[in-house]
Structures are given as C-alpha cells and as structure tokens.
Amino acid sequence: MTEQSYDVIVVGAALAGCTAAILYGRAGLKVALIERNPDAAAYKQICTHFIQASATPTLRRLGLADKLDAVGSIHNSVNIWTHFGWMREPALVDDQGAPIFGYNVRRQVLDPLIRELAKTTPGVDLLLGHSVRELVFDQGRVTGVVTSHEGTTKTWRARLVVAADGRNSRLAELAQAPTKFSMNRRSGIIAQYRNVPLKHGTISQMWINDAAVGYIFPNDDGVTVVAAMPPQADFARFKADPEASLAAYINAFPNAPDLRQASLVSDVLQIKDYPNQTRPAVAKGMALVGDAALSMDPLFGVGCGWAFQTAEWLVDATADALKAGQGLDRALSAYAKRRKRQLAGHEFVVTDFSKRYRLNLIESVMFKAAARDPEIAAHVFRFALRITGLGDFLKPQAVLRALWINMTVPAPA
C-alpha cells in the first residue's frame, strides 16, 4: 500500500469540495481533491439548480461568475405567490449600489465547469475514481484517508481532511459525526422542460398555497426546472403518471405556465422523504462543508449557495494556520462559530417551516405587507436570499411597518 502527503485532503469534487480545493490551492497549499466518481462530467441530479444571491460574491471570487455568464446562466430573481397575492422581488442593490442576484444554472453545466476550474488550479490534484474506505486517525484526530482505485489501495495524509462528500457522507459516517434529523413533511417531484410558456419571463416563480408548494426556475439553454413539493400523503398520486401529475399540479397555481405545451427533457425525479439533516462543522479534527454539514429542505433552494459559502468560510478561517503549521484547532473553531453565526437563524426557519403546511403569524404579517409595499418586499427578499439574518428580518421597525401597511394599504388587485 502506497502513501502520499498533502496539506489538505478534500473528499468530494462537487460544489463545496471544488470551492475549498480551488481556494486552498490559490493560498499556496498542496491539495488532494478526491472524488469517487470517475466521470469528470458527473453532476448532481436532485437539485433546484438555484444559487442564492448570498453566494454570488463567492462565485466572483472563484472566477466562476464570468464563466456562468458565458454559458447563458440566468441572473435569478423570484416572484412568490401566497393567498395574499404576489410578492415581486424588487431590484435589490448592495452597499456599493451593485445589483444583487443569484444564478439559475443546471448542475450538468455547473458541476463539470467548477471541476475543470479545480483541476487547472495550481497545487490541486484532482483524483477521480478514488473511493474512501477508511479514515486515518492520530490520537483520535482524522489525519488522512485510505482509498481504493482500480484495485490499488493508497493512504493519503494531510494536516486537514475536509468532508465535502454530500448528504450521505461516508467520511461523516466513518468519523461517527453525530447527525441531527428534522422532519420534512413535504415530498419532491422535479423535472426539466423546454419551451415552457413562461408568464414572468426569466423570473422564477414560487407558489405557497398552504400545503401545496410549487416552483418554476428558468435556466440556461432554454431549459426550465419545475418542482412540485406536495405533502408526503399526496406523493402516491404522482407515481402512476408523474409527467401528467406534475403538469396538473403546477397548472393549478395562479399565473402558472401550461406544461402541456412544453417538452419534458429529463426524468421526473421523485423523492418522498427528504428530512432536514445537520452535522457539526468539525468532527475529530475533520471539517465538514456543503451537504455533508447541512442538507436542508429543497423548498428553500439553499443547498448550492451554502455549499459555496461554507467552503469559502472554512478556507478563510484555516488557510493561514495551515501555512503557519500551528493554530489549526483555533482556526477550525472560528469556522464553526462563523457557520453558526451566519446560518443558525436560517436553519431554524427552514426546519420550522418543513414541519407545517400553513404560514405562521409573523410570516403572514410580512408576506401580506410585502404584496402591498415595495419596501417590505425588499426586506423580505433580502432575508429569503440569505443576504440578511433572522435578527434583521425580525427588527421591530420592520414588523411595525408591515402591520401599519396591512392596516392602511388596500390589497392588490
């Protein structure tokens, strides 16, 4: 059995793993990017293909934003319908006056693109087709992995091992990282179409009608991703004829496109049970990023954005310590604290909404006002796009303004 050493081992060459590898490589560190799939063009299929605006600064830092523009990705925004009417996303800008937006791009385009960027980053060795069999421990700390590749077993050692291997993380399992599950009462049916007669142009649409939730996401190359998220109790009715059932479900929403006029260009993916799942940011000296750390209800479309961001936060916290050869535990603790600070409020909202089919009191107040007032709409969308946190969303002045709007401004036509 052969052995090789690196500064960092990243396991999983999708969004989070490639982001970490690229940024560590640019910091001057030697990185092994290990991926069990031998196909460089492999991509994740169960995804909303929606990247939150909060991740756009990370995409720009990677140099990925220009590449996404070049392949025709959509600068996303979304209009949301509830029984209070349409909340239309206003033209948001950041502190410098630059437009705020995310990206709609299919994973079959995005995943190979970022993997190629990682492969060509100096200091990064992309190792496809290597499956992790064991972890290497030193005094209870993860310090490497053992892989198999084409019948050959190899040991890889590093000062830091990063688990970026997804929701069903093999590394988290081997490290016995505790996993917390939270009920998600909705199921998911997702498919891709061409020639969808879009009613809102390239603006995404979302409908929340008590238990019934649906999306359409216009994407690159004229493809639209369509998602239905009905209660699990209604999942069985999609089994016999998924395409027709999905079309009927979406067509029932206000101002929805008629999918019977569109062409299905993918399988209809059906997921009955997808509980929210969280793990610690650090386990036995091993860092967890992306879905290996947080895999939440796809209704909120946070997976891609949080994959980019958690990987960036990890590198920013630990790169200097790795180069200096000291202070790594303190740096990992800083990463864990930042993840909690940035995402704890959003995690709470996601897990809470996954358990119920109706808007709560504060959601009703804010959504009702957002359908009537552009200022409240901007406030709601900044939170929904993960630009601001729960504390900002619940500021008393915003809630009081929403209550005043609801009492004084007539409902939209």
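Here are the numbers:
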| item | result |
| --- | --- |
| With every protein chain in place, the chain: carbon and sulfur % of accessible area (1.4 Å) | 51 |
| Note, ³J(HN,Hα) from phi for region 42-52, Karplus 6.51, -1.76, 1.60, rounded to Hz, x at Gly and Pro | 5, 8, 7, 9, 7, 6, 7, 6, 10, 9, 4 |
| Extent along principal axes [Cα atoms of region 67-225; Å; largest to smallest] | 58, 39, 37 |
| Evaluated at q = 0.15, 0.25, 0.30 Å⁻¹: base-10 log I(q)/I(0), Debye formula over Cα of region 111-160 | -0.53, -0.96, -1.03 |
| Of Lys67/Lys199; Lys67/Lys337; Lys30/Lys67; Lys355/Lys395; Lys154/Lys272; Lys30/Lys337, pairs whose Cα-Cα distance is over 30 Å | Lys67/Lys337; Lys154/Lys272 |
| Region 1-81 - convex hull of alpha carbons, volume per residue in Å³ | 133 |
| C-alpha center-to-center spacing [region 338-413, region 164-232] in angstrom | 21 |
| Per-bin percent of Cα-Cα distances, region 272-383 [10 Å] | 12, 36, 28, 17, 6, 1 |
| Exposed trypsin sites (Lys or Arg not before Pro) absent: longest stretch of the chain, with sites in DSSP loops and at most 14 other Cβ within 10 Å deemed exposed | 1-198 |
| Net charge of neighbours whose Cβ lies under 14 Å from the Cβ of Asp7, counting Lys and Arg as +1 and Asp and Glu as -1 | +3 |
| Solvent exposure of the chain as accessible area per residue, Å², 1.4 Å probe | 42 |
| At q = 0.10, 0.16, 0.24 Å⁻¹, base-10 log of I(q)/I(0) for region 92-185 (Debye sum, equal scatterers on each alpha carbon) | -0.46, -0.93, -1.27 |
| Equivalent-ellipsoid semi-axes of the chain, from the Cα gyration tensor, Å, largest first | 38, 24, 20 |
| Whole-number Å³ per residue for the convex hull built on Cα positions in region 216-294 | 148 |
| When the convex hull of its Cα atoms is projected in every direction, mean area for region 265-318 (nm²) | 5.1 |
| Rule-of-thumb Rg ratio for region 170-227 [Cα; 2.2 N^0.38 Å; N residues] | 1.66 |
| For region 360-409, alpha-carbon Rg over 2.2 N^0.38 Å | 1.01 |
| Over the chain: helical MRE at 222 nm, DSSP H runs n ≥ 4 each giving -39500 (n - 2.57), nearest 500 | -10500 deg cm²/dmol |
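The values are calculated or read from the model by the stated rules, or taken from the named source; none is laboratory data. Here the structure is a predicted model, which means the values were calculated and not measured. Note: ideal-geometry Cβ built from the backbone for every residue, glycine included; neighbour counts use all protein chains shown. These area figures cover heavy atoms from the full protein model, side chains too; ligands, DNA and RNA do not enter into them. Shrake-Rupley method; radii C 1.70, N 1.55, O 1.52, S 1.80 Å.
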